[in-house]
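Scroll down for the structure; my scribbles are underneath it.
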Amino acid sequence: MASPDPTIAPAPALLAIGIRRDGAGAPLRERLLPADRLAPMLLDRLAAAKLGEALLLATPERCEIYAVSAAPAQAIATAAAVFAELCGLTRDDAAAAIESRRDGEAMRGLFLAAAAFEGTAGDVPVPGALEAAHRTAAARGLVGRDLETILAAAYEAAGRVRREAAPAVEPTSMAAAAVQAAIDLHGDLGTCQTLLIGAGDMGQLLADELVRAGLKRLTVVHPNESRAALIARQHQCHYRPWSELDAALAAADIVLSALGDGRQTLSAAAVRAALKRRRLRPMLLVDAALPSDIEPAVGDIDDAFRYDLEDLERIALGRLSRRKAAADAGLSILEAELAAFLGRWTPAPLAAPAPAALARLRAMLEAERRLAAGGPAEKEAGRAVIERLLQRASDRFDALAAEVGPRRAEAMMAEAIERLLGDGHSSDKAGTSKDKR
């Protein structure tokens, strides 16, 4: 069998490094998840560790590092060291708690995340999580040519899934149903005023989902004004005293009622009065309380669109049914796009110095040695040789950085220098092989 060319370094591999799902991953899982709150610190440590091209996909249920590396074992060890430092574990414990996938399987994880599909581990998908991870890693200089190429293919595949099998990536929760109802009625949520009545968990969950979907203006009212102030601080929004409920209702495009005190807080008469003050601009009213907060007759009023929890559950179940029907088609699209990409993806190997380049370098250094042994004029000429050599190396680096990105260029140059200045074992073996031939 032919021996590998010692002048060519291994081609980079894509790695997915995450927490094991079995008991071995428990120590890391308990300390790291939810990982989204620790993502900035974790990314900073990855950048400081010079892992290379990398991004961190971190959600409340998931923490995976996707890295492009020509030295997979070293990359995994680096990730384990970063986890150990952040979570206060030994490196051995952190290493035992992580698992890795490579190339096709790792890319499959990125394709699934781009399309917001559940992964093989059963994670709940978070739409937009991969795009956010991409932006954050790129801002730290961690994304280079190979990772950009893979991500572009993943986004393209996700776009095809959305075009051809949209229900397969449709959110199926009750909160998602409420958000979609708000978008269907009002369009851009950034222009909407929302009123949260009470402090029920479902009402606050719906408010959080609306904010994530683009809502910018939220007001809280509660019979207990100090409670209203506390909720407003938690959601970083405004509150109004209970005495201003009618005025707050008239200003609201979306109403989330979650008081649940056994009385119907909003009557049909109150909603009619609010709509009259709004000049019949429509209102979405979500009754998120048990027992009910909003009089059922509100649903009979023109321009008042009332949903209760049963309505949201029915919508969510319908979405789930459509999603299951489209899931096979969506996954088939992803698998086909992944197979096509794997067939054409050829990461560039990290080239080590070629013999001709070494010969030129050796000649220049020999000329500098002879000149340095002469008088002042010869020494000056020797310095000029060295300056020319350094300038040529600098120009080469700038050109390479423009092509593959500064971090990849730095890794390639470092690899070349290491092979040039290392212990020479590879070169000796290569020379022996050539002599025998």
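Structural remarks
- Burial ranking of peptide ranges 154-165, 104-115 (average Cβ count within 10 Å, highest at the top): 104-115, 154-165
- Each residue of segment 148-155 was assigned a 3J(HN,Hα) from its phi angle through the Karplus expression (A = 6.51, B = -1.76, C = 1.60, θ = phi - 60°), giving 4, 5, 5, 5, 4, 5, 5, 5 Hz with x at Gly and Pro.
- Placed amide H near Gln264: partners under 5 Å, 5+ positions off or other chain: none
- The length gained by stretching the chain between Arg135 and Asp328 to full extension, at 0.36 nm per residue less their Cα-Cα distance, is 66.5 nm.
- Amide H partners (placed H, <5 Å) of Tyr307, local residues excluded: Leu285, Val286, Asp287
- Per-peptide packing, taken as the mean over residues of other Cβ atoms within 10 Å, places 256-262, 19-25 in the sequence 256-262, 19-25 from highest down.
- Amide H within-cut-off set for Lys216, under 5 Å, with H built and near neighbours excluded: Cys192
- Under the Karplus curve 6.51 cos²θ - 1.76 cosθ + 1.60, θ = phi - 60°, whole-Hz ³J(HN,Hα) for segment 184-198, x wherever Gly or Pro sits: 4, 7, 10, x, 5, 6, x, 9, 8, 9, 10, 10, 9, 9, x
Coordinate-derived values only; no laboratory data. Predicted model only: the values in this text are computed from it and were never measured. Neighbour counts are summed over all protein chains in view; Cβ atoms, including those assigned to glycine, are modelled from backbone coordinates with ideal geometry.
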